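Below you'll find the structure, written out as structure tokens, and then a few comments.
The values are calculated or read from the model by the stated rules, or taken from the named source; none is laboratory data. Keep in mind the model is a prediction, meaning the values are calculated, not measured. Neighbour counts are summed over all protein chains in view; Cβ atoms, including those assigned to glycine, are modelled from backbone coordinates with ideal geometry. Only protein heavy atoms, including side chains, enter the accessible area calculation; ligands, DNA and RNA are left aside. Shrake-Rupley method; radii C 1.70, N 1.55, O 1.52, S 1.80 Å.
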Amino acid sequence: MTRQTIETVSVVGGGVVGLCVAVAAVERGLKVTLFERAGEPGPASCSWWAGGMLAPWCEGESAEEPVVRLGAQALSWWGERVEGVEFNGSLVVAQARDTGELRRFARLTSDFETIPAERIDDLEPDLAGRFREALYFAGEGHLSPRRALVSLVARLKALGADLRFGQEMRPEDAPGDAVVDCRGLGARDALQGLRGVKGEMLMLRCTDVSLSRPVRLLHPRIPLYVVPRGEGVFMVGATMIESDERNRISARAMMELLGSAYQLHPAFAEAEILEIGVDVRPAFADNLPRLVPDGRVLRANGTYRHGFLLAPALGEQAAGLLLDPASNPEFLHGHSRQRRAG
């Protein structure tokens, strides 16, 4: 970024990253205009289909160290800005034949307790008698991504940001002293190495099951998570496929998601399928985000499957870099990052 004083900023892209960047910039006193080619938050955004699990310690099973550390900070960030965030933990379970998967998950994660069947029954009565033990990550939380996106839009409006939904804008043509490009996979024209990772999910209604918190069912082939949305509605996800094809769910994915939900609780066999969601997550080779300066444009991208976990940190770091171009934020491209050990 140049060293000129920056007062006005355009943000191009209105998914969770763009909205978090805009919020962080406005909260620091910058005048922000946000451009999003689609309307206000809806199915056109990859963020719309997210699980909304604020589960940094669970993600430590496969993610780099910054995901855990910065993801933990995201819990308070969301809690201070969005109503309805639940901070009642995550539960990780496995069928008896997959106990080895539970042990492996425990070795790779932290900040949990191993609980017996009786505690599972107390936490989630509808799972009574179904699992011998579980990992309980009490400090984690979850939110409704759709309500969260709407809440961020409302916050930006209240803080005086200029929101231009339904208006497409090339980052290079956007007005202002600086521009933050948050177009997700649409930025592949400017970001070398950005790839797509397809995700497929289902929204089910099953009034015969009640869950209070996200539950992960481990399986060697396709681990499942079920996130309660209230009123008998559950989000079931999600696949990770190295593909940028975003128009269909495969028969295999549909069967595996439904089959895994049935393993969690047989009542899901009678569930109503409300929605099928398919979209593509933007990611770099290391599956960590990057801030890439490009003249007056700063490109913020690559949150992979950690959009709601890492967008607050990415937004704060982007806003900090706008105000102090000499700073060296962690996600700045080329910054030396601490790697996961082992």
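Within segment 173-194, can one find any residue that is part of a helix (DSSP H, G or I), touching a Pro at 6+ places or on another chain (Cβ under 7 Å) and either open to solvent by less than 10 Å² (accessible area, probe 1.4 Å) or farther than 29 Å from Val236 by Cα (or both)?
Among the residues of segment 173-194, not one is part of a helix (DSSP H, G or I), touching a Pro at 6+ places or on another chain (Cβ under 7 Å) and either open to solvent by less than 10 Å² (accessible area, probe 1.4 Å) or farther than 29 Å from Val236 by Cα (or both), which makes the answer no.
Please go through segment 118-138 and pick out each residue that is outside any helix (DSSP H, G or I), closer than 21 Å to Glu86 by Cβ and in contact with a His (Cβ under 8 Å, 6 or more places away or on another chain).
None - no residue of segment 118-138 is outside any helix (DSSP H, G or I), closer than 21 Å to Glu86 by Cβ and in contact with a His (Cβ under 8 Å, 6 or more places away or on another chain), so the list stays empty.
With respect to Ile249, is the statement that it is part of a strand (DSSP E or B), surrounded by 15 or more Cβ atoms within 10 Å (Cβ to Cβ) and in contact with a helix residue (DSSP H, G or I) (Cβ under 9 Å, 6 or more places away or on another chain) true?
No, not satisfied.
Which one of Pro329, Pro266 is without any contact (Cβ under 8 Å) to a residue 40 or more places away in the chain and open to solvent by 20 Å² or more (accessible area, probe 1.4 Å)?
Matching residue, one of Pro329, Pro266: Pro266.
Quick one: would you say Leu298 is within 25 Å of Gly60 (Cβ to Cβ), of a type outside the set (Asp, Glu) and open to solvent by less than 10 Å² (accessible area, probe 1.4 Å)?
The answer is no for Leu298.
Looking at this structure, is Pro214 within 24 Å of Phe308 (Cβ to Cβ) and either crowded, with 23+ Cβ neighbours inside 10 Å or free of Cβ contacts under 8 Å to residues at least 12 places away in the same chain (or both)?
Yes.
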